[in-house]
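Accompanying notes for the structure given below.
The values are calculated or read from the model by the stated rules, or taken from the named source; none is laboratory data. What you are looking at is a predicted structure, and each value in this text was computed from that prediction instead of being measured. Because the Cβ atoms are built from the backbone with ideal geometry, glycine has one as well, and the counts that use them run over all protein chains shown. What goes into the accessible areas is simple: the full protein's heavy atoms, side chains included, and nothing from ligands, DNA or RNA. Shrake-Rupley method; radii C 1.70, N 1.55, O 1.52, S 1.80 Å.
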Amino acid sequence: MLEVNNLAVDFDLQGSPVPALKDVSFKVNQGETVALVGESGSGKSVTSQAIMGILPRNATIRAGEILFNSPETGQRVDIAQLDPESPQMRQIRGGSISIIFQEPMTSLSPVHTIGDQISEALFLHRDASREEGMKLTEAMLQQVGFAEPSRALNMFPFELSGGLRQRAMIAMAMICHPSLMIADEPTTALDVTIQARILKLIRELQAELGMALLLITHDLGVVANMAEQVVVMYHGRVMEAGPLKHLFENPQHEYLKALMHAVPRFDLKPGERLVPVREIHSETGALIDKHPSDQLPNASEPHLRVKDLSKTYHLHGGNWSSSKTRQLLAVDQVSFEVERGECFGVVGESGCGKTTLSKIIMRAITPDQGDIIYHDGRQAIDVRALDGDDLLAFRRNMQFIFQDPYSALNPRMTVFDILREPLVVHDKGDMDYQREMATELMRLVGMDPRFLNRYPHSFSGGQRQRIGIARALALQPALIICDEPVSALDVSIQAQVLNLLKDLQQELGLTYIFISHNLAVIHYIANRIAVMCRGRIVELAPRDRLFENPVHPYTQALLSAVPHPELSQPLSFEAITESAASEPALWQFPFTIAGIEKTDFMDLGDGHFVRVAVGSKPSDLAA
Amino acid sequence: MLGYILRRILTMIPTLLVISMLVFVIIQLPPGDYLESHIAELQSQGESVDENKIQFLREQYGLDKPLLHQYWVWLSGMLQGDFGYSFEYDLPVTEVVGDRLFLTIIISIATILFTWMVAFPIGIYSATHQYSWGDYGLSTLGFLGLATPNFLLALVMLYFANVYFGTSIGGLMDPEYIDAPWSIDKLVSILEHLWIPVIVIGTSGTAGMIRRLRANLLDELQKQYVTTGRAKGLPPGKLLTKYPLRVALNFFVADIGNLLPTVISGAEIVAVVMSLPTTGPILLSALQSQDMYLAGSFLMFLAVLTVVGVLVSDIALALLDPRVRLGGGVSK
């Protein structure tokens, strides 16, 4: 149905052409799912834009053809030859081929209702009266899983959650029953349980309408569960293409092999390392030492103890004319201990309070109640009671690595200034020391010290994240909080940074609190894991216990929703239900919190705890 | 919605009260009052001063009373529609202002319409044809408009209008119509003269608006939802007006509140240069001669315009943007 032959696209950057696609060829047959796999910058999205005729203004198709056989008209057109704004192309776009984008937050207009935006595509391409159109739109919304489609018609995108917005987006792409749908990273911005439901929805709709799907993704787990054919792209070229089974079992090209080894999987053997596509080498120097945990008098004390932390936010009411406030429990009675030298993982979906928790520990947000006790090996420090100079001195013990490497570094400071800043703030050493320290930090994160005079913009995302890590290490802290440090990075880079963090922990004897929404990443790096949902820790266990024997329904839902990059462990789409596992009201006894005043941890032995209603017995769990 | 508007109107009352105090205090700030500067002026011209009349006026308007009392008299008068008495013109303020206020409003509205009509197409063209010759040319023109002082432009325009169209210099109508009763001919004469001050006063505002509209629209054109619209197969014109332009309008609506007072107060120098029969020149002289009731009434008029303008733009914004209307204080 779609045949791309020797497609080449150039971008015009300040007068000189930069090739984005070179000699790309592949086919999509009717009703088939083809996955286009590659890291960012590999040309996957440019390919989809070329097919849709929505390339940016500075891009031109230099060579090749995009042949599209419309099943409705039976005509064969070369999209590459069509003027993108011609009526014929506009009819194909949205009518025969439609697209859904990655970001459901920004892909919909904020000032038009969902119904308006969805029905618009219908009115453009199909003969339908206003009334019919709205009825069809409502039916479509029902089909993509809106509980109250008639109400949703008049809602605005900002009133919907990310998952519902993506459903609206899918409804918009499906409303004309296109013969090909392009899904450009449709679930990358979504939580794992919602991702599983959206993938299920796409599959069902695809089967129902018999349309072809071109799935663009970097996630091999999604590929393994969705695709029939796979096209692997790298630097604007097709590296390898073929049936899914063939490619996954017997990858030929070095790049695909490397990619497969770089993805964290649940079945990694103890001690097995990920192999990044590009390896980096960390070197320790004279200035930064391992924290001598065995020489401390009280080394066996927990490094950090958090007890009963709670934080409530007050939001203004939903309507502009009312002054009512709504309460949001961001963190609710969170207690845990972090042992010296371990990596304590915190996993949960967006909005579960994990970032708020980390900021409370860092003293960036003041909790409503609770205690944070830090033990430096000699004495216990009450973090919440610190003030002024004591607080400043304490901050050397605990540092932070941020999620977004693009906004975490000041674009107006050189790398040297960025690395030196903590030393200046804490008045550590003279200029010579600081220069030497910065050089050593660069080597430590596997970067060339000659880059010290550059500005952040000249580095890639992975390199920036390493600079962020180096900055966190400048004061030689004993505890580092990593807030989603790899979620903004490509899979190949992700392995690199994870390995670096692991090595640094070994070499420097660091303790980590590692926050992530990605279960595979948490599985790879953490020793003990706390699962958070709606501000509460619902389950806490050593890694293997948690993954082998999850007890809490939320943990179970989370684990079953992860798409594995293995053909042998397909997602069981039948088991994925529409009910939200992250909705505490739907949990069964003894996990329910509805109508129950207090919940508490039940000890299941071996450091495995699960949150249940007070008074329930271990025998209740089996039920 | 109604409750909101009512609350907004209620909060306008203390705002205006505070402004009235500020206005009064600032006018009273220079030493002396109108009568004193009037006496000084007469004496410097060697004329005698009628002590009795001065004394009468002083008592009549309470100038010998404490400040607070004077303020109260002024404020309570205004509330009853009595804006006081202009010493300089020897007339009640309402009579001095009268026609001038009407003409001021005509010029202001014409200027605003001119600004919109010129700025909109140019701004949209510049944004959709970014870095084209048209964009560069119009931007250069816009910068020239921003940079040219209004009074200079006024003089140049007057000269050319007189040479090529035979329009009389200055004023808003041919001299024979001044103080004449309203008639069709008078209106035609006004329209003949109107376009010069409108262009002069509107130029810099237009240029500024072109730049802002262009910048806002460029931002919006980059957004993902525009691509979504394209991917639906929308024709370019409809795509532009339905999505990015609609969102880019927000800034424009938010601007309405500032527009009225800027146009009116920005026109004063031009009005003096072109000797327009608007309120500008009177305000200037009233401030100079400490003709306090006249000046105070003017400033209050401007204040009311600003406050009402902001209210209007807030309501319009809420009607236009559902995020304002329904979003409340919820952040993501």
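For every other residue with a beta carbon closer than 15 angstrom to the beta carbon of B:GLN55, add +1 if it is Lys or Arg and -1 if Asp or Glu, then tell me the sum. Result for the local shell: -3. Residues whose amide H falls under 5 Å from that of A:ILE401, counting only those 5 or more places apart or on a different chain, are A:ILE481, A:CYS482, A:ASP483, with hydrogens built in the peptide plane. One chain, two ends: A:ASN527 and A:SER460. Fully extended at 0.36 nm per residue, the span grows by 21.2 nm beyond their Cα-Cα distance.
Peptide A:102-112 has a mean of 6 when you count, residue by residue, the C-beta atoms of other protein chains within 10 Å of its C-beta. Pairs from the list A:LYS428/A:LYS502; A:LYS290/A:LYS502; A:LYS22/A:LYS44; A:LYS311/A:LYS359; A:LYS307/A:LYS354 with a Cα-Cα gap above 22 Å: A:LYS428/A:LYS502. Magnitude of the charge dipole for the protein assembly as shown, about its Cα centre and with charges confined to Cβ atoms of Lys, Arg (+1) and Asp, Glu (-1), is about 1820 debye. Excluding same-chain neighbours fewer than eight residues apart, the aspartates and glutamates reachable from A:LYS257 by a Cα-Cα span under 12 Å are A:GLU240, A:GLU249. When all protein chains stay in place, what accessible area (Å², nearest 10, 1.4 Å probe) is found for A:ASP404? Accessible area of A:ASP404: about 60 Å². For the protein assembly as shown, the equivalent ellipsoid derived from the alpha-carbon gyration tensor has semi-axes of 63, 39, 29 Å in decreasing order. Taking all protein chains together, B:TRP195, B:TRP133, B:TRP72, A:TRP587 sort by accessible area into B:TRP133, B:TRP72, B:TRP195, A:TRP587, largest first [probe 1.4 Å].
Residue separation of A:ASN6 and A:ALA147 scaled by 0.36 nm, minus their Cα-Cα distance, works out to 46.3 nm of gained length. To the nearest 10, the accessible area of A:GLU204 is 90 Å² with a 1.4 Å probe.
Once the Cα-Cα distance is subtracted from the 0.36 nm per residue extended length, the B:SER168 to B:LEU284 segment shows a gain of 39.4 nm. Against chain B, whose longest principal axis is taken from its Cα atoms, helix B:2-28 shows a tilt of about 40°. Along the axis of the charge dipole computed for the protein assembly as shown (Cβ charges of +1 for Lys and Arg, -1 for Asp and Glu, origin at the Cα centre), the listed residues B:SER108, A:ILE467, B:THR167 are led at the positive end by A:ILE467. Here the range B:1-156 is treated with +1 on each Lys and Arg Cβ and -1 on each Asp and Glu Cβ, and its dipole about the Cα centre works out to around 940 debye. Tell me, what is the percent relative contact order of chain A, built from C-alpha pairs under 8 Å that lie six or more residues apart? So the answer I get is 14 percent.
Extending 7 Å from the Cα toward the beta-carbon at both A:GLN252 and A:LEU13 defines two label points whose distance is 3.1 nm.
Taking the Cα centre of the range A:411-552 as origin and assigning +1 to Lys and Arg Cβ atoms and -1 to Asp and Glu Cβ atoms, the resulting dipole is close to 260 debye. Pairing chain A with chain B buries about 3200 Å² of accessible area. This figure sums both sides and uses a 1.4 Å probe.
With a Förster radius of 25 Å applied to the C-beta separation of A:ALA364 and A:ASP417, the computed FRET efficiency comes to 0.65. The residue among A:LEU391, A:HIS426, A:SER407 whose Cα reaches farthest toward the positive pole of the charge dipole of the range A:327-443, with charges on the beta-carbon of Lys, Arg, Asp and Glu, is A:SER407.
R0 = 22 Å: FRET efficiency of B:THR11 with B:TRP72, Cβ-based, nearest 0.05? Efficiency computed from Cβ-Cβ geometry: 0.45. Taking 28 Å as the straight-line reach from the Cα of A:LYS135, the lysines in range (excluding those fewer than 8 positions away in the same chain) are A:LYS200, B:LYS232, B:LYS238, B:LYS242.
Axis angle, to the nearest 10 degrees, between helix A:415-425 and the longest C-alpha principal axis of chain A: 30 degrees.
To the nearest 10 degrees, how steep is helix B:292-320 against the longest Cα principal axis of chain B, on a 0 to 90 scale? Roughly 20 degrees between the two axes. Put B:ARG7, A:ARG464 in order of accessible area, highest first, and with a 1.4 Å probe you get B:ARG7, A:ARG464.
Alpha-carbon geometry of chain B: the Rg and the Dmax are 24.5, 84 Å, given in that order. Overall form of the range A:254-408: oblate. Here a/c, set by the Cα gyration tensor axes a ≥ b ≥ c, is 1.5 or more, and a/b is not larger than b/c. Counting only residues at least eight positions apart within a chain, or on another chain, the lysines with an alpha carbon under 19 Å from that of A:LYS617 are A:LYS598. Model label points for B:PHE102 and A:TYR313, set 7 angstrom from Cα along the Cα-to-Cβ axis, are 5.7 nm apart. Give me the distance between the Cα centres of the range B:106-153 and the range A:327-385, rounded to whole Å. Value for the Cα centre distance between the two parts: 56 Å. For the protein assembly as shown, DSSP calls about 60 percent of its internal beta bridges antiparallel. Roughly speaking, to the nearest percent, how much of the protein assembly as shown's 1.4 Å accessible area is carbon and sulfur? Exposed carbon and sulfur together represent 56 percent of the surface. Spatially, the range A:473-512 and the range A:191-252 are offset by 30 Å when compared through their Cα centroids. A simple spin-label model places pseudo-atoms 7 Å from Cα toward Cβ; at A:TYR406 and A:THR284 they are separated by 3.6 nm.
If R0 is taken as 22 Å, the Cβ-Cβ distance between A:GLU339 and A:LEU604 corresponds to a FRET efficiency of 0.70. Projecting the Cα atoms of B:TYR4, B:VAL93, B:LEU191 onto the charge dipole of chain B (Cβ charges, centred on the Cα centre) puts B:TYR4 farthest toward the positive pole.
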